[in-house]
Amino acid sequence: MPFIGKIEYHYLHAGITWSDGGGAFGLVPKIIWEKKLPPDEYNRVPLHLNCLLIKSDGKNILVDTGLGHKLDERGARNFGLDNSGGTLLGALEKLGLAATDINIVVDTHLHADHCGGNTMHHPETGAVVPTFPNAEYWIQRLEWADAMYPNERTRATYLLDNYRPLADTGQLKLINGDTPVATGVSTVITRGHTRAHQSVLIESAGEYGLFVADMASLSYHFERTAWVTAYDVEPLENIETKRRWQNWAADTNATVLFQHDPHIRAAKLHRAGRHFKLTPLDD
């Protein structure tokens, strides 16, 4: 099992979305990015929905929850959802855990592919209820505000059923800025993808790790400062955020944990002249 210092973590695979390559790579010309991640015949690339389980202070901390299972057939098709490789609850079960064993859920942000699994349809009533009945859900206050009042661009991914029921059940915890979660685990604001996007920092026994979420959706985005997705609300802010954390990761020899990359889930970043280069790790 993987550790950062004394803190145990596990990747939980929650499916794949097939997304347009232009969305994933933004202004990067296709003739360049397709050599890194070849698209299918519909110009789609696979983005994995990898969530993270962290164990600290006797607590099970779940970071993000994937798309979940509330989408109808049309919604699942629009997202290009493929659950054939397993589900979030199935991944937990392989670790001997049930939904009731999760103590804290940290949502890096409230885009549907990161928080859709927050809630589910009750098997008897069909009502939308929290998937993790004993968990407190930690969400940045500004992200909550943006998600509750989406605009024309964001309303297709800010879906109220993914997070509003948490307030109704008293399981919502709104936080402001960088926040300790448990011993050696904290959230850090990594603005750019959204105004209050947060990543999860692990510090233990002189070792460091960072679950970057959509600060760098793919490993290529973390190597290349200028590469940003078309989904970033504040692309120029994201570039400056990455610049800070690239230097931090190289200086601390941190383990960088990626969420969507189909090939690299964990890596070390080092300087290569004026640029950066990732060395993948076995996680």
- prompt: Only one of Asn43, Asn83, Asn50, Asn60 is in contact with an Asp or Glu (Cβ under 9 Å, 6 or more places away or on another chain) and more than 30 Å from Ala226 (Cβ to Cβ); which?
  reply: Asn60
- prompt: Which residue out of Val181, Val212 is within 14 Å of the chain's Cα centre (by Cα) and closer than 19 Å to Glu143 by Cα?
  reply: Val212
- prompt: Are there any pairs with C-beta distances below 9 angstrom linking a residue in region 39-61 that is under 23 Å from Ser219 (Cα atoms) and in a strand (DSSP E or B) to a residue that is at pLDDT 95 or above and among the basic types (Lys, Arg), with the two at least 6 apart or on different chains, and if so which?
  reply: His48/Arg265; Asn50/Arg265
- request: List every residue pair whose Cβ atoms lie under 7 Å apart, where the two residues are 6 or more positions apart in sequence or sit on different chains, the first residue falls within region 87-103 and is acidic (Asp, Glu), and the second residue, located anywhere, is at pLDDT 95 or above.
  value: Asp101/Asn60
query: Right, Gly22: surrounded by 15 or more Cβ atoms within 10 Å (Cβ to Cβ) and either more than 30 Å from Pro133 (Cα to Cα) or polar (S, T, N, Q) (or both) or not?
result: yes
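The values are calculated or read from the model by the stated rules, or taken from the named source; none is laboratory data. Computed from a prediction, not measured in an experiment: that's the story for all the values here. Here the Cβ is made from the backbone with ideal geometry for all residues, glycine too, and neighbour counts use every protein chain on show.
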